[in-house]
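The values are calculated or read from the model by the stated rules, or taken from the named source; none is laboratory data. For clarity, every value in this text was computed on a predicted model and none was experimentally measured. Every residue, glycine as well, gets a Cβ built from its backbone with ideal geometry; the counts of neighbours run over all protein chains shown. Quick note on the areas: whole protein, heavy atoms, side chains included, nothing else; ligands and nucleic acids left out. Shrake-Rupley method; radii C 1.70, N 1.55, O 1.52, S 1.80 Å.
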Number of protein chains: 2
Amino acid sequence: MHVEEHLRFMRLAIEQARLGMTNNEGGPFGAVVVKNGQVIAAANNRVTSTNDPTAHAEIVAIREACRQLGSFQLNDCILYTSCEPCPMCLGAIYWARPAQVFFACTRRDAAAINFDDDFIYREIVMPPHERRIPMFSLLREEALPLFTLWREKEDKTPY
Amino acid sequence: MHVEEHLRFMRLAIEQARLGMTNNEGGPFGAVVVKNGQVIAAANNRVTSTNDPTAHAEIVAIREACRQLGSFQLNDCILYTSCEPCPMCLGAIYWARPAQVFFACTRRDAAAINFDDDFIYREIVMPPHERRIPMFSLLREEALPLFTLWREKEDKTPY
């Protein structure tokens, strides 16, 4: 793809961010998923308007793109997002497996307007029990047999 | 809360995992959100049955709990999940801000049955352009003014 096309799709993502903010749907973030040079999903952040803390632009766009494709994988797709993905969205990207990601602003730009992205990046590498939201393991021995069942399950759909 | 109650809620999460796997809705993962000793959401992984790569048990449970509360914040809630949250779910937890998290199996247990959690944890700390899914910055200077608009916006809902 020519660089002009990448710029065009990124500007679409930025425009989504502007629209969503102007309409009070959520924060100033937009994302676009492109496959074979075609936009298959475009979205803006909708956290506050839908009471859904997971409704970041990237998550909404990934879910919509998967719906369009009838698949839980974004093979050969490119994601354009107006800001570097937060850890939640980065994780979603790895599960959806697009080919490439472009972002505009950085996690530090987001931190400068009081979004937690950079804080969460720092929490992720800490041991679970030392995190600001403390996390403890419980009953591993009762849950683990399910994983053996999964490994041996013959009619499963891997993902 | 007494430890017996924590065990009871974790067993509910494990039971969700078992049901979802048995019903072929997705992987062997379940989660429960509890507030004031009451279950307000219970969910299992639904990635493959809904073609939604973000439909991990924790994400589905967080979205449902927020819907129940009419809020994008899980104040005073506890999340129980049958496996250590992947980076996507960990990020969602930080955005939803429950008070505490309990998990059963670990990311290494998940890796042992071929889930990417541990791989994604290792990718997250890498510089964006060196990741297995390469990520590049583009047009930051065109997107950044939106962040200034957001900071100065008087009718915004922070989150």
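Observations on the model:
- Those aspartates and glutamates that a straight Cα-Cα span of less than 19 Å connects to A:LYS153, excepting residues fewer than 8 apart in one chain: A:GLU142, B:GLU15, B:GLU25, B:ASP109, B:ASP116
- Cα-based shape type of chain B, given that a ≥ b ≥ c are square roots of the gyration tensor eigenvalues and the cut on a/c is 1.5: oblate
- Selection from B:ALA92, B:LEU69, B:LEU149 lying farthest towards where the dipole of chain B points positive, charges on Cβ: B:LEU69
- In degrees, nearest ten, helix A:57-69 long axis to first principal axis of chain A (Cα): 80 degrees
- Area accessible to solvent at B:ILE78, 1.4 Å probe radius, in Å²: 20 Å²
- Accessible surface buried at the B:A interface totals approximately 8300 Å², computed with a 1.4 Å probe on protein heavy atoms.
- Considering only A:CYS77, A:CYS89, A:CYS105, the Gaussian network model of chain A with Cα springs below 10 Å gives its largest mean-square fluctuation to A:CYS105.
- Taking the chain by itself as reference, region B:43-67 contains these residues with an accessible-area loss of 50 Å² or more in the full protein complex (1.4 Å probe, heavy atoms): B:THR48, B:ASN51, B:PRO53, B:THR54, B:ARG63.
- Plainly put, the tip 7 Å out from Cα toward Cβ on B:THR157 is 3.3 nm from that tip on each other copy, the closest given first.
- Whole-Hz couplings from phi, Karplus 6.51/-1.76/1.60, listed for region B:149-159; x for Gly and Pro: 4, 4, 4, 8, 5, 8, 9, 7, 9, x, 8
- Residue of B:ALA143, B:ALA55, B:ALA96 that the Gaussian network model of chain B assigns the largest fluctuation, springs spanning Cα pairs under 10 Å: B:ALA143
- The shape of region B:100-159 comes out oblate: with a ≥ b ≥ c from the C-alpha gyration tensor, a/c is at least 1.5 while a/b does not beat b/c.
- Solvent-accessible area per residue for chain A (1.4 angstrom probe, square angstrom): 41 Å²
- Near A:ARG108: Cβ cut-off under 14 Å, other residues only, Lys/Arg at +1 and Asp/Glu at -1. The net charge is -2.
- Spatial separation of Cα centroids for region A:127-146 and region A:1-80, in angstrom: 33 Å
- Residue of B:GLU58, B:GLU123, B:GLU142 that the Gaussian network model of chain B assigns the largest fluctuation, springs spanning Cα pairs under 10 Å: B:GLU142
- Rounded to the nearest 20 debye, the dipole magnitude of the protein assembly as shown is 100 debye, with +1 charges on Lys and Arg beta carbons, -1 on Asp and Glu beta carbons, and the Cα centre as origin.
- Around the Cα centre of chain A, unit charges on the Cβ atoms of Lys, Arg, Asp and Glu (plus for the first two, minus for the last two) sum to a dipole of about 100 debye.
- In region B:142-157, the residues whose accessible area drops by at least 30 square angstrom when the other protein chains are added to the isolated chain are B:GLU142, B:ALA143, B:LEU146, B:PHE147, B:TRP150, B:ARG151, B:LYS153; the probe is 1.4 Å and only protein heavy atoms count.
- Given a 1.4 Å probe and the protein chains as shown, A:MET135 ends up with an accessible area of around 0 Å².
- Percent of Cα pairs exceeding the 39 Å cut-off, where the set is the protein assembly as shown: 9 percent
- Spatially proximal lysines relative to A:LYS35 (Cα-Cα < 29 Å; intrachain offsets below 8 disregarded): A:LYS156
- Nitroxide proxy distance, nm - points 7 Å out along Cα→Cβ at A:LEU19 and A:PHE119: 3.1 nm
- When the Cα convex hull of region B:1-70 is projected onto planes of every orientation, the mean area is 4.5 nm².
- Number of partner chain Cβ atoms within 10 Å, mean per residue of B:33-42: 0
- Sulfur and carbon atoms: percent of accessible area, chain B [1.4 Å]: 48 percent
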